[in-house]
1. Dipole of region 6-226, Cα-centred, from +1 at each Lys and Arg C-beta and -1 at each Asp and Glu C-beta, to the nearest 20 debye?
2. Measure off 7 Å from each Cα along the Cα-to-Cβ vector at Lys193 and Arg230, then give the distance between these two points in nanometres to one decimal.
3. With unit charges on the beta carbon (Lys/Arg positive, Asp/Glu negative), name the residue among Ala194, Asn223, Tyr43 whose Cα is farthest towards the positive pole of the charge dipole of region 6-226.
4. Please rank Leu60, Leu106, fewest neighbouring Cβ atoms within 10 Å first, as an exposure proxy.
5. Show which lysines lie in cross-link reach of Lys214 when reach means a straight Cα distance below 19 angstrom and same-chain residues fewer than eight apart are skipped.
6. With Rg and the Kirkwood Rh both taken from Cα atoms, where does Rg over Rh land for region 96-142?
7. Going by how many other Cβ atoms sit within 10 Å of their own, how do Thr57, Thr176 line up, fewest first?
8. In which sequence would Glu34, Glu171 go, from the one with the fewest C-beta neighbours within 10 Å to the one with the most?
Amino acid sequence: MTRCEIHSRPTARLAIACLLTLSACSAALAQGPEGPPTGDGPYRPSDLVELVTLDPTIKLDIRYATASNFVGRAVYAEPRAFMQRPAAAALVSVQHWLKGQGYGLLIYDAYRPWSVTKLFWDITPQDKRIFVADPAVGSVHNRGCAVDLGLYDLKTGREVDMPGAYDETSERSFVTYTGGTPEQKAHRDLLRKAMERDGSFFVLPEEWWHYDYKDFMAYAIQNIPFSAIRSPAAPAARN
Ligand SMILES: [Zn+2]
């Protein structure tokens with residue numbers, strides 16, 4: 001969800017959290033509160049790639065392109081999902097491994113323009129802002145290096161049950177939550193195994209659906225709308 005960001009990480013990741021927070025906050029001070037933080041860089045050039053162009057078996061359920069989200073209306077004009085190319089390639093590798101287990105990936109959200117993070121912050125009451133990313137810092141989603149996702153069953157094509165719903169703000173979202181049915185917990189744990197098995201991604205402990213790509217600090221906060229991200233050229237017509 002919206003609180004997908006570094007601040008909520010446990011102490012094991014405190015060092016990296018502090019680094020990001022300090023650098024992002026100094027950038028925010030430099031730039032002012034109305035624009036995205038620039039960070040300290042240098043950063044790798046942004047190379048956002050649309051996930052389904054790399055593997056069309058990755059399914060999409062982009063909740064923020066529908067009214068089925070905590071905002072209550074669509075905040076994306078298009079139901080599309082992008083990540084930085086190395087992160088997208090790693091996700092395709094996860095998809096291949098999961099096929100052998102009988103499942104596929106179902107994407108709820110990936111790259112999120114900073115302006116949407118800012119919108120989430122602006123509409124959230126002060127006492128609930130613990131659940132949303134501070135736009136002065138930004139979210140890993142803004143870097144094109146975070147993904148919110150679940151699983152679908154290859155046989156039925158249907159989304160599988162997890163111990164809690166996507167974007168739910170309760171203990172059911174925790175990866176250590178012990179409630180739910182054995183089947184639901186097995187799905188959640190299989191997703192985590194698939195995502196973390198080669199070290200490319202790591203889960204946000206408070207959100208079973210949120211994973212960060214390991215090199216997220218190498219990319220700057222982005223504010224490019226989906227419509228401005230170049231899609232691959234159509235195959236050349238044969239003569
Ligand atoms: Zn997330």
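Every read-out reported here was derived from the displayed coordinates using simple, explicitly stated rules and does not represent laboratory data. Predicted model, so just to flag it, every value in this text is computed and none were measured. Every residue, glycine as well, gets a Cβ built from its backbone with ideal geometry; the counts of neighbours run over all protein chains shown.
1. 240
2. Placing both labels 7 Å along Cα→Cβ, they lie 4.1 nm apart.
3. It is Ala194.
4. Result, fewest neighbours first: Leu60, Leu106.
5. Correct list for Lys214: Lys193.
6. 1.22
7. Fewest-to-most Cβ neighbours within 10 Å comes out as Thr176, Thr57.
8. Glu34, Glu171
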